[in-house]
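Below: the structure, in structure tokens.
The values are calculated or read from the model by the stated rules, or taken from the named source; none is laboratory data. A quick note: this is a predicted structure, and the numbers were derived from the prediction, not measured. So basically every Cβ, Gly included, is an ideal-geometry build from the backbone, and we count neighbours across all protein chains shown. Surface accessibility is based on the protein's heavy atoms, side chains included, excluding ligands, DNA and RNA. Shrake-Rupley method; radii C 1.70, N 1.55, O 1.52, S 1.80 Å.
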Amino acid sequence: MADPTTDGVIILFISGEISTGLLLFSIIRIMEGDVPVATLNTVAIICTLSMFLHGFITNKAHIARWDLSALSVLVMVLTIYLRGHEQVLWIFPALTTIFFLLPADMAAVICLVFMIGVMAMM
């Protein structure tokens with residue numbers, strides 16, 4: 001394992017926290033019988049956990065940074081689509097994650113497109 005860089009530590013922390021946080025929501029969705037969202041959360045947990053392990057073993061953050069950003073946007077859009085407008089509350093954490101992972105100009109463009117897509121769904 002290589003010595004961790006600042007980018008690698010950020011990727012490890014964010015992917016680990018997303019995995020941990022989504023695990024609780026996945027359990028809640030399973031108990032509620034909300035199979036589509038529980039499946040989405042479980043797939044997101046597997047993806048973020050694999051990114052965590054990849055980052056921990058290789059300390060390569062460039063691809064994981066883009067993967068986590070894309071996963072964050074995709075899961076948020078699908079959650080709003082599946083559960084409705086009450087999930088709009090979770091947009092802020094998803095967008096904040098993107099700004100931590102990507103350069104500010106790229107994050108702003110992605111967030112703008114994301115917000116236009118969310119507004120189009122409502």
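Quick look at the numbers
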| item | result |
| --- | --- |
| With DNA, RNA and ligands ignored, accessible area of Met121 (1.4 Å probe; Å², nearest 10) | 70 |
| Loop-located trypsin sites (Lys or Arg not before Pro) in region 45-122 whose Cβ has at most 16 other Cβ within 10 Å (DSSP) | Lys60 |
| Largest-first ordering by accessible area, 1.4 Å probe, given options Thr97, Thr58, Thr39 | Thr39, Thr58, Thr97 |
| Positive-end residue of Cys47, Leu74, Pro36, charge dipole of the chain with Cβ unit charges | Pro36 |
| Vicinal HN-Hα couplings computed from phi for region 47-53 (Karplus, 6.51 cos²θ - 1.76 cosθ + 1.60; Hz; Gly/Pro x) | 5, 5, 5, 5, 5, 4, 5 |
| Separation in nanometres of the label points that stand 7 Å from Cα toward Cβ, at Phe92 and Leu23 | 2.6 |
| Distance between region 57-104 and region 1-34 - C-alpha centres, whole angstrom | 12 |
